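**Q** My questions all concern the structure below.
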Amino acid sequence: MSSSYSDSGLDTRSYQGGGEYWYDVGGGGTVSGGFSATNVDHMIYTFDTSATYADGVWSETGSATVTDLLNSDSDYSADSTVSSSGVDWSASVTVVEGGHDSYMHLATIGYALDAEGNWQMSTASVGAGGHGSSDWDCQADGDYWYLVGQTTVTGTFTDEADDHMTYSYTILASISDGAWALSGTG
């Protein structure tokens with residue numbers, strides 16, 4: 001006598017959110033911007049079991065696989081022009097910035113029934129990777145002044161700065177004979 005059973009399923013979860021951020025640039029000026037993030041997670045599972053009855057004893061075999069796929073993206077941006085000042089200077093400061101980050105991972109884990117009927121991990125592989133960029137530009141235009149004796153010296157100034165970055169990376173891991181092997185690039 002024998003019996004068997006198979007099943008599979010999918011569980012998907014997602015969220016999306018956003019908000020605002022701000023930071024001080026000195027002299028009373030505050031840069032403000034916004035950000036958003038999305039996340040989608042898919043969990044897929046399958047399993048098969050079979051049982052055989054012979055000589056008064058049931059024996060069972062089975063295998064199962066769980067796969068998890070996650071995708072995540074986030075963005076931020078700001079475009080602010082603020083007034084900033086000190087004891088002997090005042091300026092109009094413009095900050096333009098933005099960035100993006102993308103992340104993904106895929107994990108597959110296999111299980112098998114042991115002789116005692118317990119599920120044990122038999123195989124596993126995990127891959128993850130991401131990429132992104134960020135850009136920041138700042139320009140300040142203003143006036144300054146200072147005393148030399150009884151005379152006030154005045155002038156103007158312009159100051160600029162920028163920073164740009166891109167990145168990417170991958171990570172791969174797998175298990176064989178109970179030992180994990182890890183590799184990656186970035």
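The values are calculated or read from the model by the stated rules, or taken from the named source; none is laboratory data. Keep in mind that what you see is a predicted model, and the values were worked out from it rather than measured. Ideal geometry is used to build each Cβ from the backbone, glycine not excepted, and the neighbour counts take in all protein chains shown. To get the accessible areas, we keep the full protein, side chains included, count just its heavy atoms, and leave off ligands, DNA and RNA. Shrake-Rupley method; radii C 1.70, N 1.55, O 1.52, S 1.80 Å.
**Q** Select from segment 1-85 those chymotrypsin sites (Phe, Trp or Tyr not before Pro) which occupy a DSSP coil region and have at most 15 other Cβ atoms within 10 Å, ordered by residue number.
**A** Working: sites: Y5, Y15, Y21, W22, Y23, F35, Y45, F47, Y53, W58, Y76; in loops: none.
Of the chymotrypsin sites (Phe, Trp or Tyr not before Pro), not one in the loops of segment 1-85 has a Cβ with at most 15 other Cβ atoms within 10 Å.
**Q** From Cα pairs below 8 angstrom and at least 6 apart in sequence, can you work out the relative contact order of the chain, rounded to a whole percent?
**A** Values: 471 pairs, mean separation 29.3, N = 186.
Once normalised by length, the contact order is 16 percent.
**Q** For a quick check, take a GNM of the chain with Cα springs below 10 Å and name the residue from A54, A64, A173 with the largest mean-square fluctuation.
**A** A54
**Q** Could I have the simple spin-label model distance between S8 and Y103, label points 7 Å from Cα toward Cβ, reported in nm to one decimal?
**A** 3.0 nm
**Q** OK, next. Rank these residues by their accessible area, most exposed first, probe 1.4 Å: E60, E20, E97. Intermediate results must be reported in sequence, preceding the final value.
**A** Numbers: E60 95, E20 140, E97 25 Å².
Result of the area sort, largest leading: E20, E60, E97.
**Q** Also: Could you tally the net charge around G18, taking each other residue with its Cβ under 15 Å from the Cβ of G18, Lys/Arg +1 and Asp/Glu -1? All intermediate terms of the calculation are to be shown ahead of the outcome.
**A** Details: positive: none; negative: E20, D73, D75, D101.
It works out to a net charge of -4.
**Q** Relative contact order for segment 1-98: what percent, with Cα pairs under 8 Å and sequence separation of 6 or more? Don't jump to the answer; show the numbers that get you there.
**A** Values: 210 pairs, mean separation 28.1, N = 98.
Relative contact order for segment 1-98 comes out at 29 percent.
**Q** Now for a separate question. Enumerate the calculated ³J(HN,Hα) couplings along segment 22-35 in order (Karplus 6.51 cos²θ - 1.76 cosθ + 1.60, θ = phi - 60°), each rounded to whole Hz, writing x wherever the residue is Gly or Pro.
**A** Running phi through 6.51 cos²θ - 1.76 cosθ + 1.60 with θ = phi - 60° gives 7, 7, 7, 9, x, x, x, x, 10, 8, 10, x, x, 9 Hz.
**Q** Which of the following values of Rg and Dmax of the Cα atoms in Å was calculated from the structure shown: (i) 15.6, 51; (ii) 30.9, 118; (iii) 29.8, 113?
**A** After the calculation, the listed value that fits is (iii).
**Q** What is the extension gain from T94 to D48, computed as 0.36 nm multiplied by their sequence separation minus the C-alpha to C-alpha distance, in nm to one decimal?
**A** Gain on extension, T94 to D48, equals 10.4 nm.
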